[in-house]
Amino acid sequence: MRHRDGIAVVAVADGLGSRKHSQIGARRACDAAVQYVCDRINESGRLRRRDVRDAFLVAREAVKALARTEGLPVGELASTLLVACLDYGRLHWGQLGDGAIVASTPHGHHVVKPETDHEYVNHTYHLLEKQWSKRLASGVVHDVGHVSLFTDGVQGMALVRKDGRWAPFSGFFDYCLQALRDQAAGERSAWLQTLLESPRAAERSGDDKAWVMVVRDG
Amino acid sequence: MAFYDDVPMPDQPQEPKLASILVLDTSGSMAGDAIRQLNEGLELYRWEILGDKQASVTVDSCIVAFGPKAWVVQPFGPAEQIPAGGLEAGGPTPMGAGLELALDELEDRRRVYRRDGIDTFRPWIFLVTDGRPTDMKPGDRRFRALAERIREGEAAKRFSFFAIGVDGADMEVLGQLAPPSRPPVKMRGHSFKEFFEWLSDASKSASHSCPGDTVQTPDPSQGANPWAELRV
């Protein structure tokens with residue numbers, strides 16, 4: 001995650017559980033995507049719609065290059081990838097695979113991509129598959145105060161699903177946002193980490209959990 | 001009490017489900033050793049699934065029998081509801097009615113999953129028969145409609161369909177019903193016990209699978225399956 005002057009660029013990625021080196025692939029994908037988006041902002045001062053989509057191509061190539069450097073089968077580094085840039089209330093987002101991005105506006109909390117990709121639970125799209133660009137969803141949401149990105153291990157705590165569509169559980173987000181505002185700035189990450197490592201979170205899902213939340217103060 | 005105990009969360013989602021339908025021939029030709037071994041195999045399957053903590057909450061079993069009529073022996077539910085030794089053999093072979101009933105049961109179950117937001121694995125349908133249908137024949141409207149329904153469902157990934165022919169089965173008819181991507185498999189003799197051991201292992205593997213795993217849909221033609229004859 002990077003931030004400055006009212007602009008935050010964040011990414012989360014979830015390595016595919018069965019792939020041996022997916023964690024390093026996920027890490028590389030996040031680093032490459034965030035770096036690319038930050039470079040675009042530094043160059044032109046603003047983000048274009050296509051920049052977030054291009055970040056996924058850059059991330060994919062970075063992971064493939066890492067595989068070559070390390071002498072690893074490239075498929076072993078597969079991961080999902082979620083990227084968001086919150087720029088003074090305008091949210092640019094991109095998502096490939098499961099997990100969710102939740103934007104909070106004056107009208108409430110919204111899952112930016114509510115449709116589930118796959119009907120079946122043990123399928124997800126990932127950054128290294130051939131059809132990745134067709135599976136990539138992206139968009140812009142305006143008037144966003146806060147945004148959360150999380151992997152599918154957090155979904156059971158924060159979202160509800162009905163008729164194939166995800167929706168935020170508002171009580172969860174309202175509580176967490178208020179609780180984070182009540183924490184000192186340096187304590188907020190620890191609060192989130194404690195929640196994710198709690199027995200209550202483990203009851204919801206045994207999957208790895210990653211959650212980034214961008215909260216605009218004021 | 002820790003702070004995280006106060007965090008509002010939605011109702012606990014249910015464990016994902018693997019809908020698994022067995023469409024079993026209980027016509028007269030299955031009398032004697034065949035039906036006895038089929039019942040024993042079902043009992044073994046029940047205990048194997050119940051013995052695996054994850055599989056016991058994941059596998060959502062339904063049993064449809066055909067012979068003398070088509071009927072739902074057990075509607076969708078946990079393995080503990082699988083009846084022990086209850087199947088009897090007799091009468092003709094209404095395979096068409098049995099398959100239609102099974103496909104309808106699956107569609108109803110999928111609607112429930114969707115309505116209730118329950119995660120699922122791709123469902124499995126296993127047809128096990130030792131004969132040929134007496135309520136339809138290749139080329140007639142019912143047969144063509146069923147074959148199309150199975151092909152279309154498989155192609156749309158609504159389910160995976162497996163046709164298993166026991167001694168005496170008309171493999172040609174099964175070949176016309178089964179999807180082209182998954183031709184029927186011939187069972188060796190009455191090796192129902194081995195078949196249900198294989199099925200319970202496959203069910204347990206699927207229950208424990210992670211995203212990206214390739215072991216999701218079982219393939220009876222692969223591996224050292226003592227119950228399956230090699231495809232020619």
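The values are calculated or read from the model by the stated rules, or taken from the named source; none is laboratory data. These numbers come from a predicted model, not from an experiment. Using ideal geometry, Cβ is built from the backbone for each residue, glycine included, and neighbour counts are taken over all protein chains shown. Surface accessibility is based on the protein's heavy atoms, side chains included, excluding ligands, DNA and RNA. Shrake-Rupley method; radii C 1.70, N 1.55, O 1.52, S 1.80 Å.
With every protein chain left in place, what is the accessible area per residue of region A:34-98 in square angstrom, probe 1.4 Å? Could you put the intermediate results ahead of the total?
Numbers: 2720 Å² over 65 residues.
Per-residue accessible area for region A:34-98 comes out at 42 Å².
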To the nearest 10 square angstrom, what accessible area does A:H92 show with a 1.4 Å probe? 10 Å²
Phi to ³J(HN,Hα) by Karplus 6.51 cos²θ - 1.76 cosθ + 1.60 over region B:78-89, Hz, x for Gly, Pro: x, 4, 5, 8, 5, x, 9, x, x, 7, 10, 9
Once amide H atoms are placed 1.01 Å from N in the peptide plane, what residues at a sequence separation of 5 or more from A:W166, or on another chain, have their amide H within under 5 Å of its amide H? A:E115, A:T116
Rg and Dmax of region B:1-46, Cα atoms only, in Å: 22.3, 65
With no solvent and one equal point scatterer placed on each C-alpha of chain B, evaluate the Debye formula and give log10 I(q)/I(0) for q = 0.18 Å⁻¹, two decimals. -1.48
Residues along region A:114-146 losing 40 Å² or more of accessible surface when the other protein chains are present rather than the chain by itself (probe 1.4 Å): A:E119, A:Y120, A:V121, A:N122
Relative to the isolated chain, which residues of region A:13-29 have their accessible area cut by 30 Å² or more in the presence of all protein chains (1.4 Å probe, heavy atoms, no ligands or nucleic acids)? A:S18
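Need one number: the % of Cα-Cα pairs in region B:131-173 sitting beyond the 15 Å mark.
Values: 459 of 903 pairs.
More than 15 Å apart: 51 percent of the Cα pairs in region B:131-173.
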Of the heavy-atom accessible surface of region B:1-100 (probe 1.4 angstrom), what whole percent is carbon and sulfur? 52 percent
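Calculate, for region A:105-218, the solvent-accessible area per residue in square angstrom, rolling a 1.4 angstrom probe over the heavy atoms of the protein chains.
Details: 5580 Å² over 114 residues.
Counting only protein heavy atoms, the per-residue value for region A:105-218 is 49 Å².
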Within 13 Å, Cβ to Cβ, of A:H146, how many net charges do the neighbouring residues add up to if Lys/Arg are +1 and Asp/Glu are -1? 0
Vicinal HN-Hα couplings computed from phi for region A:9-26 (Karplus, 6.51 cos²θ - 1.76 cosθ + 1.60; Hz; Gly/Pro x): 10, 9, 8, 10, 9, 10, x, 5, x, 8, 9, 4, 10, 5, 5, 6, x, 5
Please report the spacing between the Cα centers of region B:54-128 and region A:20-75 in Å, no decimals. 46 Å
Solvent-accessible area of B:F143 with every protein chain in place, 1.4 Å probe, in Å² to the nearest 10: 10 Å²
Quote the accessible area belonging to A:I101 in square angstrom, nearest 10, computed with a 1.4 Å probe and with ligands, DNA and RNA left uncounted. 0 Å²
Along each principal axis of its Cα atoms, how long is the protein assembly as shown end to end? Whole angstroms, biggest number first, please. 80, 49, 40
Over all alpha-carbon pairs of region A:118-202, lay out the pair-distance distribution in 5 Å bins, whole %, shortest bin first. 2, 9, 16, 22, 19, 16, 10, 5, 1, 0
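Before we go on, tell me the buried accessible area for the B/A pair, both chains summed, 1.4 Å probe, in Å² to the nearest 100.
Result for this pair: about 2800 Å² buried.
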Loop-located chymotrypsin sites (Phe, Trp or Tyr not before Pro) in region A:1-102 whose Cβ has at most 11 other Cβ within 10 Å (DSSP): A:Y88
